[in-house]
Amino acid sequence: MRPLPGAPGVAAAAALLLLLLPRARSDEHEHTYQDKEEVVLWMNTVGPYHNRQETYKYFSLPFCVGSKKSISHYHETLGEALQGVELEFSGLDIKFKDDVMPGTYCEIDLDKEKRDAFVYAIKNHYWYQMYIDDLPIWGIVGEADENGEDYYLWTYKKLEIGFNGNRIVDVNLTSEGKVKLVPNTKIQMSYSVKWKKSDVKFEDRFDKYLDPSFFQHRIHWFSIFNSFMMVIFLVGLVSMILMRTLRKDYARYSKEEEMDDMDRDLGDEYGWKQVHGDVFRPSSHPLIFSSLIGSGCQIFAVSLIVIIVAMIEDLYTERGSMLSTAIFVYAATSPVNGYFGGSLYARQGGRRWIKQMFIGAFLIPAMVCGTAFFINFIAIYYHASRAIPFGTMVAVCCICFFVILPLNLVGTILGRNLSGQPNFPCRVNAVPRPIPEKKWFMEPAVIVCLGGILPFGSIFIEMQWTSFLSAASTAIYVYMYSFYYYFFKTKMYGLFQTSFYFGYMAVFSTALGIMCGAIGYMGTSAFVRKIYTNVKID
């Protein structure tokens, strides 16, 4: 076996990981300005209001650009690129605390083709998004008259920017200047900027974008309390039944242990004790099983860490920061995948550990990247802003090969060496014992289907694929519900919207299933190990 990568490999991995982090020390990301310093108005996307995921570049509509041609900086993070955030400079000259009187910044030569593009956008209720100092601004392209015969374009952007000290804390846009769309005419686009002092604190400037009424509605609190009490009730009920059954079994087995050999019939074991020689037998297909367990443990670790970071840090205040953080945490927690997957594979007697390591390392990235690349081709065909640049694809592949894989290798080696030896509380029979006949509701197919309905309501002592799939089947019901939500709760339509929605919902549901399956297996494994440890077995 070759030695682990040295300092050059670690340096390369660290450099790639730094690409994932938002740049916190570059120009507008400092969020401080001097008087008359450049403030950039970024144009982001435009698209139908009822289909928020269907977005296109702002200048895909025949808008014109301001007279200012260059800016002092430009920035983009990996998270922004993956989310389709492709900012373009508006060309408007804005300076900190410097008012701009109403004036024309460009002119649109409206021919028939451009008019048809604007009319289509107005018919479909197109809206656009802009950014100033990371604060989002929304506006409507135009409107139609009551008869739907004439269409009007909003030509005047009135910006009111609030500042507190040397920071921008509030931005508001008012669209005015309604002009009728008539072919072969010229339309002048104008803007103005008004700066005003605000009492809003910088750390509270995103509060107006949140839903302040959420915590005021009693129905939300009732739903949360109801879900919490349901979980407590199910766990308590199952635990009570289970403990009562176990006490009876322990008392019965202890009574048998006090008998002498003449009175005890060793061949007449019953209950879960009779399968002690087979319950710790390696699962079928241990390579893929251990890879799924390792991936599920990693997804659980990533979810927990990202939730904690989101509670501590306001990740929603930076574009793409949530996705960048999730990618960074996923790459950094790769040893978790290797440790749990590698150790389980070793305990089950697996010998092709390098193959298992590759499958475990690339299982989730291959699923996500494969779905994203498929949807990306459709996005490119539709010229949507969701299309991922080729350079971003290369960066993601480099992260997989030069960061995730080496860290997964470290975790696999640690897992095999530290906890890769079998330590079962009882021996495993050399010859599998015939499985007794079971009732229909104890068949694996039925257990898997019913286990996902109430994940906390069923506990099984068999240590094979059933313990994984019964918890993982929760994802099936989540994906089934997504069909109902798509057809009855959204107004999405078209190939791009359908593939985008169901593609990423499949990725989310699969990841949820792998995580729930891993947790279900780990809990079941701990339970089985505990009950067989407390029973004397010859």
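The values are calculated or read from the model by the stated rules, or taken from the named source; none is laboratory data. The shown structure was predicted, so the numbers you read here are calculated from the model rather than taken from an experiment. All Cβ positions, even for glycine, are placed from backbone atoms using ideal geometry, and neighbour counts span all protein chains on display. Side chains are part of the model used for accessible areas, which takes the heavy atoms of the whole protein and leaves out ligands, DNA and RNA. Shrake-Rupley method; radii C 1.70, N 1.55, O 1.52, S 1.80 Å.
Using heavy atoms of the protein chains and a probe of 1.4 Å, the accessible area assigned to Leu304 is about 90 Å². Computed over protein heavy atoms with a 1.4 Å probe, the accessible surface of region 155-194 works out to 43 Å² per residue. Of the accessible area of region 306-388, computed with a 1.4 Å probe over protein heavy atoms only, carbon and sulfur atoms account for 71 percent.
At the residue level, Met393 shows approximately 40 square angstrom of accessible surface with a 1.4 angstrom probe and all protein chains present.
As a quick test, which of the pairs Lys57/Lys112; Lys97/Lys157; Lys36/Lys208; Lys248/Lys530; Lys180/Lys489 have an alpha carbon distance above 25 angstrom in this structure?
Result: Lys36/Lys208; Lys180/Lys489 exceed 25 Å.
Projected over all directions and averaged, the alpha-carbon convex hull of region 474-538 occupies 5.7 nm². Stretching the chain fully between Gln34 and Leu304 yields a gain of 93.2 nm (0.36 nm per residue, less the alpha carbon separation).
Label-to-label distance for Met480 and Val119 is 4.8 nm, based on points extended 7 Å past Cα in the beta-carbon direction. Can you tell which of Tyr56, Phe96, Gly79 lies farthest toward the positive end of the dipole of region 39-111, using +1 and -1 charges on the Cβ of basic and acidic side chains (Lys, Arg; Asp, Glu)? Selected residue: Phe96. Sorting Phe280, Phe163 by accessible area puts them as Phe163, Phe280; the probe is 1.4 Å, largest comes first, and only protein heavy atoms count. The phi torsions of region 156-161, fed into the Karplus equation with coefficients 6.51, -1.76 and 1.60 and a -60° offset, translate into couplings of 10, 9, 9, 9, 10, 10 Hz, rounded to whole numbers, with Gly and Pro shown as x.
Scanning residues 5 or more positions from Asp170 or on other chains, those with amide H under 5 Å from its amide H are Gly162, with H placed 1.01 Å from N in the peptide plane.
Residues of region 349-391: accessible area per residue at 1.4 Å, in Å²? Working shown, then result.
On the way: 2430 Å² over 43 residues.
Per-residue accessible area for region 349-391 comes out at 57 Å².
The calculated FRET efficiency for Cys398 paired with Phe508, based on their beta-carbon distance and R0 = 35 Å, is about 0.90. Each of the peptides 516-527, 181-192, 340-351 was scored by the mean count of other Cβ atoms within 10 Å over its residues; in descending order, highest first, they stand as 340-351, 516-527, 181-192. Computing FRET efficiency as 1/(1 + (r/R0)^6) for Val231 and Met311, where r is the C-beta to C-beta distance and R0 is 35 Å, gives about 0.95.
Give, in nm to one decimal, the length gained when the segment between Leu495 and Gln188 is fully stretched (0.36 nm per residue of separation minus the Cα-Cα distance).
Details: separation 307, 0.36 × 307 = 110.52 nm, distance 3.62 nm.
Value of the extension gain: 106.9 nm.
3J(HN,Hα) couplings calculated from phi for region 199-204 with the Karplus curve 6.51 cos²θ - 1.76 cosθ + 1.60 (θ = phi - 60°) are, in sequence order, 8, 5, 6, 4, 6, 10 Hz; Gly and Pro show x. Would you mind getting me the FRET efficiency between Lys69 and Val428? Use the beta-carbon distance for r and R0 = 56 Å, nearest 0.05. After rounding to 0.05, the efficiency reads 0.15. Taken one residue at a time, the phi angles of region 350-366 give Karplus couplings (6.51, -1.76, 1.60, θ = phi - 60°) of x, 10, 8, 6, 5, 5, 4, 5, 5, 5, x, 6, 9, 4, 6, x, 5 Hz. Gly and Pro are set to x.
Rolled with a 1.4 Å probe across the full set of protein chains, the surface gives Asp134 an accessible area near 0 Å².
The H on the amide N of Gly142, modeled in the peptide plane, is under 5 Å from the matching H of Trp154, each at least 5 residues off or on a different chain.
Rounded to a whole number, what % of the accessible area of region 42-101 do carbon and sulfur atoms account for, probe 1.4 Å? The C+S portion of the solvent-accessible surface of region 42-101 is 49 percent.
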